1. Ranked from the most accessible area to the least, with a 1.4 Å probe and all protein chains present, what is the order of R44, R86?
2. Among residues other than A31 whose Cβ falls under 10 Å from its Cβ, what is the net charge (Lys/Arg +1, Asp/Glu -1)?
3. Could you work out how far apart the two model spin labels at Q14 and A36 are, taking each label as a point 7 Å from the Cα in the direction of the beta carbon, and quote it in nm?
Amino acid sequence: MTSQAAGKGLNVAQVLADLGHRVTVGGFLGAANPQAFERLFERRGFVDAFVRVPGRPAATSSWPSATAGSPTSTARGRGSRPSIARRCWRRWSR
């Protein structure tokens, strides 16, 4: 099994970078294990504006359909979801 940093916003950011735009990514990111995200930001040259919050990034799993051969089934992982404290919201809203 492999894991990678992803999500709707990061997918859009990667397309924009491919089109030649300088990209800043931001939001809330679980501080317990952000390494996959940080590697992606470094590799793609993204400016990291994420606010680290307690917990781990949300995780989902995908597996290929027996008939289609493409990832069609997903399941959200059970781990600790980031808890966003008021101080984090304040920092993000600046």
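1. Values: R44 70, R86 190 Å².
So the residues, ranked largest to smallest area, are R86, R44.
2. Values: positive: R52, R56; negative: none.
Spelling it out: positives minus negatives among the neighbours equals +2.
3. It works out to 1.2 nm between the two label points.
The values are calculated or read from the model by the stated rules, or taken from the named source; none is laboratory data. This is a predicted model, so every value here is computed, not measured. Reconstructed Cβ throughout: ideal geometry from the backbone, glycine too, with neighbour counts over all protein chains shown. All accessible areas refer to the heavy atoms of the entire protein, side chains included, with ligands and DNA or RNA removed. Shrake-Rupley method; radii C 1.70, N 1.55, O 1.52, S 1.80 Å.
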